[in-house]
Amino acid sequence: MNRQRYLVIVAMILGGTVASVRADAPAGQSDVTVVLMPSARVETLTVRLGDIARVTAADPLEREQLEALDLTLLDQQELQDTVLRELVVVRLMLAGFDTDRVAVRGAPLTLVQFRAAAPFTDASVEELISEKLHRSMGLPPGDVQVRLTIPVVESWLDSFDDQDNLRLEVLPPVAARLGRVTLTLRLFQGDSLLSSRQIPVELLRKQQVVVARASLQRGQVITADMVMLESRLLGERVDELTQEMVVGKSVRFAAEPGDVVTLRHLEAPPVAEEPILVNPRESVRLFARKGGLTVMIPVAEALQAGREGDLVRVRNLQSNKIVTGRVVARGEVEVPLY
C-alpha cells in the first residue's frame, strides 16, 4: 500500500488531484473505458492494469499500452494486495494519458492474489497427446494433431494446482483411428499416481488433398484452374487425389470453394455423342445388300432421326411401304434383303 500512497502524493504535488480524473464517468462520453474487477489472480508479482480490469479503446495499440501499465508490486511474503481505484486513476495521470478521454469504472478496489503459473494448459495437454500419438503411429511430427473436446484443465487438473512435481502420462487408444477417440490420461506426483481420467479427443492427420478453388457445379468438366493441392489436418481419411487425377473429370456432386474434392464428387466426362446422320421427313437412299448383290432405292423418306448404327423407320416412296433399316452414313439407310 505504500506505493499506492506514494503515487497519490506525487500526483497531488504535480498539481493534479484524484478527483480531476473521470472516475465513474459515463462510458459513452469517453474514448477509453477501464472497468475494474473486484478480484483478480496474477501469475507474476508485477500487477498490470490488464490483470485487474477490462480495457476498451478504439485504438488497439492504445488498449495494449493501457493493459501493460504496471500498478504495483506484490510482496513476496504476502503474495496479495489491494489495488484502489484511486491508484489506477493516478497511475493513468502519471503515465501521461489524457484524463478527459478515460473513464474508470467498476469496483472501488480490487483484491489481487498471486498464483503460480499452472503446470498444465489445455494447449500443453494437446501437444503432449499429439507427440505421444505421432510416435505410436510412426508418423512425422506435425502430421498428427489432437484437439480436446472438453476443457481438461478446468474440469480436472485445476483441482491439483496446489501440488508440485506433477506430470501427465498418456495411454494411447487401442486403435488410433481418425476422428473422435477416447484415451486415458494419468496424473502423477513424482512416482505416485494421483488420478486418471478418460478423455475424449479429436484425432486429426495431415493429408494431401485436392481442394476446390471455385464453385464446382454438377455437370461441369474440371479444369486445372478450378482446383489446387493442399495439406490439411482432417479428422477422417479421404481420397488423396492429385490435380492430374481430377482435371478432365465431370462434377457429380457440387462443391464450394475450399471443399475437399473426393471421388464421390467426380464421374467420367460424358462421351461425345455421334452426329445425327438422318432426320425425320428427310430424303434418304435405301440400300439392300445380300452377299455381293446390292440394290439401291434412291428415293425414300426417313420417319425418325438416327445416328450411325441406329435403327430407324423409313418409307419407300415407290411402294409406300415402311421398312426398318440401319443408318450407315449421312442420308443413307441399309435394309436387309431377303
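The values are calculated or read from the model by the stated rules, or taken from the named source; none is laboratory data. Quick caveat: nothing in here was measured; it's all calculated off a predicted structure. Neighbour counts are summed over all protein chains in view; Cβ atoms, including those assigned to glycine, are modelled from backbone coordinates with ideal geometry.
For VAL42, state whether it is closer than 25 Å to ASP161 by Cβ and either exposed (fewer than 13 other Cβ atoms within 10 Å of the Cβ) or not assigned by TED's automatic domain parsing to the domain that holds ASP161 (or both). Judged against the criteria, VAL42 is a match. Of the helices (runs of 4 or more DSSP H) lying entirely inside segment 40-152, those carrying at least 3 residues that are without any contact (Cβ under 8 Å) to a residue 24 or more places away in the chain are 60-67, 122-136.
Residue by residue, here is whether (1) loosely packed, with under 14 Cβ neighbours inside 10 Å; (2) in a strand (DSSP E or B) holds:
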| position | (1), (2) |
| --- | --- |
| GLU273 | yes, no |
| PRO280 | yes, no |
| PHE287 | no, yes |
| PRO298 | yes, yes |
| ARG313 | no, yes |
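Which residue out of LEU185, LEU203, LEU194 is more than 30 Å from ARG252 (Cα to Cα) and crowded, with 16+ Cβ neighbours inside 10 Å? Step through it out loud before you land on a result.
Details: LEU203 fails: more than 30 Å from ARG252 (Cα to Cα); LEU194 fails: crowded, with 16+ Cβ neighbours inside 10 Å.
One residue alone meets the criteria, LEU185.
THR242 falls short of the stated requirement of being at negative phi, without any contact (Cβ under 8 Å) to a residue 24 or more places away in the chain and among the hydroxyl-bearing types (Ser, Thr, Tyr). Taken over segment 326-338, the criterion of being surrounded by 13 or more Cβ atoms within 10 Å (Cβ to Cβ) and of a type in the set (A, V, I, L, M) is satisfied by VAL327, VAL328, ALA329, VAL333, VAL335. Please go through segment 315-325 and give me each residue that is charged (D, E, K, R) and either surrounded by fewer than 16 Cβ atoms within 10 Å (Cβ to Cβ) or in contact (Cβ under 8 Å) with a residue 24 or more places away in the chain (or both), ordered by number. LYS321, the sole residue that qualifies. Of all the listed residues (GLU67, GLU43, GLU126, GLU131), the sole one being in contact with a Lys or Arg (Cβ under 8 Å, 6 or more places away or on another chain) and closer than 30 Å to GLY235 by Cα is GLU126.
For segment 231-273, a residue qualifies if it is more than 19 Å from ALA214 (Cβ to Cβ) and either touching a His at 6+ places or on another chain (Cβ under 8 Å) or of a type in the set (S, T, N, Q) (or both), and exactly one does: SER231.
If the requirement is being charged (D, E, K, R) and in contact (Cβ under 8 Å) with a residue 24 or more places away in the chain, which of these qualifies: GLU301, GLU274, GLU267? Result of the check over GLU301, GLU274, GLU267: GLU274.
Taken over segment 239-271, the criterion of being of a type outside the set (S, T, N, Q) and assigned to a helix (DSSP H, G or I) is satisfied by GLU244, MET245, VAL246, LEU263, ARG264, HIS265.
Residues checked against (1) part of a strand (DSSP E or B); (2) within 26 Å of ARG115 (Cβ to Cβ):
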| site | (1), (2) |
| --- | --- |
| ASP162 | no, yes |
| LEU168 | yes, yes |
| ALA175 | no, no |
| ARG180 | yes, no |
| ILE199 | yes, yes |
| VAL210 | yes, no |
| ARG232 | yes, no |
| ARG237 | no, no |
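Of all residues in segment 206-220 being exposed (fewer than 13 other Cβ atoms within 10 Å of the Cβ) and over 28 Å from SER130 (Cα atoms), which is farthest from the chain's Cα centre (by Cα)? Filtering segment 206-220 for residues that are exposed (fewer than 13 other Cβ atoms within 10 Å of the Cβ) and over 28 Å from SER130 (Cα atoms), the one farthest from the chain's Cα centre (by Cα) comes out as GLY219.
Taken over segment 315-330, residues that are in a loop (DSSP other than H, G, I, E, B) and either over 60 Å from the mean Cα position of the chain (by Cα) or farther than 17 Å from VAL278 by Cα (or both) amount to 4.
When you check LEU166 against the structure, is it free of Cβ contacts under 8 Å to residues at least 60 places away in the same chain, in contact with a helix residue (DSSP H, G or I) (Cβ under 7 Å, 6 or more places away or on another chain) and not assigned by TED's automatic domain parsing to the domain that holds ARG237, yes or no?
So LEU166 fits the description; yes.
Counting the residues of segment 110-120 that are surrounded by fewer than 17 Cβ atoms within 10 Å (Cβ to Cβ) and either on the phi > 0 side of the Ramachandran plot or modelled with pLDDT of 90 or more (or both) gives 2.
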